[in-house]
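J.: The structure under discussion is supplied below as structure tokens; questions concerning it will follow.
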Ligand SMILES: [Zn+2]
């Protein structure tokens with residue numbers, strides 16, 4: 001099963017919020033292995049997610 005870039009982006013996003021099924025993880029890994037664009041997208045999403053979480057934590061500490 002080959003994912004499109006659109007499907008890959010969706011799975012990467014979902015993977016930040018929930019545990020992916022085994023088949024989804026495999027398909028995602030295969031696509032990321034061959035697609036540099038999606039690797040870059042994934043890195044940016046993970047970076048943004050972490051940055052947002054840190055902002056929330058700073059905000060909670062300040063209040
Ligand atoms: Zn792709």
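Values in this text are rule-based calculations from the coordinates and carry no lab data. Just so it is clear, the structure is predicted and the values come from calculations on it, not from any experiment. Counting neighbours? That spans all protein chains shown, and the Cβs are built from the backbone with ideal geometry, glycine included.
J.: Points 7 angstrom from Cα along the Cβ direction at residue 19 and residue 50: gap in nanometres?
T.: Result for the modelled spin labels: 2.3 nm.
J.: Would you calculate, for the chain, the mean residue ellipticity at 222 nm contributed by helices, counting each DSSP H stretch of 4 or more residues as -39,500 (n - 2.57) and dividing by all residues, to the nearest 500? Present the calculation step by step, with values, prior to reporting the outcome.
T.: Numbers: 3 runs with 51 residues, N = 63.
Roughly -27000 deg cm²/dmol at 222 nm, from the helical runs in the chain.
J.: Between residue 29 and residue 5, 0.36 nm times their residue separation minus their Cα-Cα distance comes to what? Display every interim value, and only then the final one.
T.: Numbers: separation 24, 0.36 × 24 = 8.64 nm, distance 1.22 nm.
Result for the pair: 7.4 nm of gain on full extension.
J.: On a 0 to 90° scale, report how tilted helix 22-34 is relative to the longest principal axis of the chain, with both axes built from alpha carbons and the result rounded to the nearest 10.
T.: Orientation of helix 22-34: about 80 degrees from the principal axis.
J.: Taking only Cα atoms of the stretch 5-62, what ratio of Rg to Rh do you get with Rh as the Kirkwood inverse-distance radius?
T.: Numbers: Rg = 13.5 Å, Rh = 12.4 Å.
Result for the stretch 5-62 is an Rg/Rh of 1.09.
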